[in-house]
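Engineer: Here it is: the structure, laid out below.
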Amino acid sequence: GKVFVEGLREVELPDIESAKTALELGWQARQSASNGVNDDSSRSHAVFPLRVLALTEATDGLQRVRTSRLHLVDLAGSERVKKSGADEDASGRRMKEAININTSLLGLSNVMKALGTAASHVPYRDSKLTHMLSDALGGNCRTSLVVCVSPAASDASESTGTLEFGSRAMKVRTHAVVNSSEVALDAAA
């Protein structure tokens, strides 16, 4: 049931400084390039999932463990192939990137639409992105979304699409509950 993402790895981060370092290394590995729309266009999505364990000592000889997941996600923006110039790249690399980005964003949009309308089937497996984020999109979670739009008239079509996506996402309702378990104190040491 797990998603394979090339280059993805899981590491234990004992403190906040380790987490900051891991986030910076991930950000440096992200792909970006200049295109006809943006001088520093994201050519990939960035997903930084964290699993946080909180241990609390209880007076009854048990230790309570609470688990949380936090996904920090920065999506590459959708782009019109002609406007970005991806169709003029002789190697075809930029065209393939644009198609992959737009396809995964369409998959995310379809998941948001299904979740917002309480559809009987949610197409999480239609993209690696939505499969990987399924628990953060419609499961036991709280989700916040920030959409970025351009004030330029020339970007009105893309901005409208982004705002429509945000509107669909606002219709999604999740039900967060505390994930807690108990273990004997000597077993947790």
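The values are calculated or read from the model by the stated rules, or taken from the named source; none is laboratory data. Worth saying up front: this structure is predicted, and the values here are computed from it rather than measured. For neighbour counting, all protein chains shown are included, and Cβ atoms are generated from backbone atoms with ideal geometry for every residue, glycine included. What goes into the accessible areas is simple: the full protein's heavy atoms, side chains included, and nothing from ligands, DNA or RNA. Shrake-Rupley method; radii C 1.70, N 1.55, O 1.52, S 1.80 Å.
Engineer: Could you run through the range 132-164 and say how many residues are among the β-branched types (Val, Ile, Thr) and under 15 Å from Lys113 (Cα atoms)?
Structural biologist: Of the residues in the range 132-164, 1 are among the β-branched types (Val, Ile, Thr) and under 15 Å from Lys113 (Cα atoms).
Engineer: Going residue by residue through the range 148-155, is there one that turns out to be closer than 30 Å to Arg69 by Cβ and surrounded by 15 or more Cβ atoms within 10 Å (Cβ to Cβ)?
Structural biologist: yes
Engineer: Across the range 106-151, what is the total count of residues that are part of a helix (DSSP H, G or I) and either without any contact (Cβ under 8 Å) to a residue 40 or more places away in the chain or more than 15 Å from Leu72 (Cα to Cα) (or both)?
Structural biologist: Result for the range 106-151: 20.
Engineer: Follow-up question, since we're still on this one. Can you tell me how many residues in the range 113-130 are under 18 Å from the mean Cα position of the chain (by Cα) and open to solvent by 40 Å² or more (accessible area, probe 1.4 Å)?
Structural biologist: The total comes to 5.
Engineer: Just checking, does the range 57-71 include any residue being under 26 Å from Leu163 (Cα atoms), basic (Lys, Arg), at pLDDT below 85 and surrounded by 13 or more Cβ atoms within 10 Å (Cβ to Cβ)?
Structural biologist: No, there is no match, as no residue in the range 57-71 is under 26 Å from Leu163 (Cα atoms), basic (Lys, Arg), at pLDDT below 85 and surrounded by 13 or more Cβ atoms within 10 Å (Cβ to Cβ).
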